[in-house]
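The values are calculated or read from the model by the stated rules, or taken from the named source; none is laboratory data. No experiment lies behind these values; they were computed from the predicted model shown. As a convention, Cβ positions derive from the backbone with ideal geometry for all residues, glycine included, and neighbour counts pool all protein chains shown. In case anyone asks, the SASA skips ligands and DNA or RNA and just uses the protein heavy atoms, side chains included. Shrake-Rupley method; radii C 1.70, N 1.55, O 1.52, S 1.80 Å.
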Amino acid sequence: MNTRLASVLCATLALAACKKGDKSGPVVAEVGDEKITAEEVRQRLNETSPFLRARYNTVERKKEFLDNMVRNELLAQEAVRQGYDKSPAVREQMKRAMIQELIKHQLDVKLAGTDISDDELKKFYEAHLDDFVKPERARVFHIFLPAKDAKERADARKKAAALVKDIDAREKKGEVNAFQAVAIKESKDALSAPMGGDLRFLSRDELAKAYNPELANAAFELKNPGDKSGPVETPAGVELVKLQVKTVAVNRTFDESKEPIRQRMARERRSRDYDEWVKGLRERTKVAIHEQELDKIQVDAAPPPPPAGQATISGGHPVPQAAPPVAPVPAGQKPPPTTTSKIGGN
């Protein structure tokens, strides 16, 4: 059975199944032996978006909505009469729908997290403070030229100035990664040079601890992506620095973070509860896996791609090519027989 058709039938059959329970309240329509109540119509209307819901504010509009429900009920009853409720495809879709409803009522009732106390939220906030309070970080590239004495430092400054001119000239010609290319060739920082001088994302304090405060200050004084600084004097030598990007500092208080924490804790709790629940179901139910039979299952390979330039239609099938043009037939002659004309012996 077509998967889409199975989905439609599943929806209509599920609707019919839901209606077979006890009903109460005013009846707005009868379809065969089934009744559609005002409460059912109200629930179905509330399932629509507020924009669509606003349309159904008159009796005529409500009747249009009810007509759709009547149509679905007619389809559901006809599907049952024709035995589609026993179709494997429909039963599989129904199984999935039942699983969704089961999980919704078993686990999702606590998804709002309203039962999580402020003390629990506070403990989570303090245990994950780095998620809510983050310093400004920068991703920078650098070129390091070491210098041990005054002469080496003077030579390093001179070389750094020359490198800056070279980088600027190459960038003006359109070489976007000129700084990184020079860093690979000239930087003496063994860790970052192979990566174009990339120091990754670091805060000012992290950069100062990993290298030195002078480099950190120069990097964080840069404002815009692509800005450069240097030559920069440091205790170890001379540096050139280029800013790739900055991230803004984050400082969310507990009160600002309370609701996101509640949602996160509720989701994590739901995931744990789901795993424990399924584990318990498996322990209480006899489950046997027959690996020999499993190994025999042949998985269909993906269809080969169409020849270059060949269009395809849905499902990967090639689009039929137009027949070649037929040459004109001289007057007084019969056209040559076609494949179609040969069918039947004519």
Next item on the list: Only one of these is in contact (Cβ under 8 Å) with a residue 24 or more places away in the chain, touching a Leu at 6+ places or on another chain (Cβ under 8 Å) and small (G, A, S): S203, S187. Name it.
Entry: S187
Check: Got a sec? Which of V80, V59, V31 is more than 37 Å from the chain's Cα centre (by Cα) and in contact (Cβ under 8 Å) with a residue 60 or more places away in the chain?
Finding: V80
Note to self: Please go through (1) under 30 Å from F132 (Cα atoms); (2) surrounded by 13 or more Cβ atoms within 10 Å (Cβ to Cβ) for A249 and return the number of the only condition it doesn't satisfy.
What the structure shows: (2)
Next item on the list: Give the residues of segment 115-141 that are without any contact (Cβ under 8 Å) to a residue 60 or more places away in the chain and either farther than 29 Å from L202 by Cβ or open to solvent by 70 Å² or more (accessible area, probe 1.4 Å) (or both), sorted by residue number.
Entry: D115, S117, D119, K123, E126, A127, L129, D130
Check: Of all residues in segment 164-197, which are among the β-branched types (V, I, T) and open to solvent by less than 70 Å² (accessible area, probe 1.4 Å)?
Finding: V164, I167, V182
Margin query: Can you report the number of residues in segment 22-63 which are open to solvent by less than 90 Å² (accessible area, probe 1.4 Å), of a type outside the set (G, A, S) and assigned to a strand (DSSP E or B)?
Written below: 6
Margin query: Here is a check on your reading of the model: is E92 in contact with a strand residue (DSSP E or B) (Cβ under 8 Å, 6 or more places away or on another chain), in contact (Cβ under 8 Å) with a residue 24 or more places away in the chain and surrounded by fewer than 17 Cβ atoms within 10 Å (Cβ to Cβ)?
Written below: no
Next item on the list: Considering every residue within segment 64-85, establish whether at least one is in a helix (DSSP H, G or I), basic (K, R), open to solvent by 90 Å² or more (accessible area, probe 1.4 Å) and modelled with pLDDT of 90 or more.
Entry: yes
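Counting only residues that are farther than 25 Å from D155 by Cα and either touching a residue at least 60 places away in the same chain (Cβ under 8 Å) or open to solvent by less than 30 Å² (accessible area, probe 1.4 Å) (or both), how many does segment 223-241 have?
Quick first cut of segment 223-241, residues farther than 25 Å from D155 by Cα only: 223-226.
Remaining after also requiring either touching a residue at least 60 places away in the same chain (Cβ under 8 Å) or open to solvent by less than 30 Å² (accessible area, probe 1.4 Å) (or both): none.
Summing the residues that are farther than 25 Å from D155 by Cα and either touching a residue at least 60 places away in the same chain (Cβ under 8 Å) or open to solvent by less than 30 Å² (accessible area, probe 1.4 Å) (or both) in segment 223-241 gives 0.
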Notebook entry, point to check: Among the residues of segment 138-169, which ones are touching a helix residue (DSSP H, G or I) at 6+ places or on another chain (Cβ under 9 Å) and assigned to a loop (DSSP other than H, G, I, E, B)?
Noted result: A147
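Go through the residues of segment 155-163 one by one and say whether even a single one is among the acidic types (D, E) and open to solvent by less than 20 Å² (accessible area, probe 1.4 Å). Quick ask: steps written out before the conclusion?
Start the filter on segment 155-163 by keeping residues that are among the acidic types (D, E), which leaves 155.
Restricting the remaining residues to those that are open to solvent by less than 20 Å² (accessible area, probe 1.4 Å) gives none.
No: segment 155-163 contains no residue that is among the acidic types (D, E) and open to solvent by less than 20 Å² (accessible area, probe 1.4 Å).
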Note to self: Being assigned to a loop (DSSP other than H, G, I, E, B) and either touching a Leu at 6+ places or on another chain (Cβ under 6 Å) or at pLDDT below 65 (or both) narrows it down to one residue among P320, P303; which is it?
What the structure shows: P320
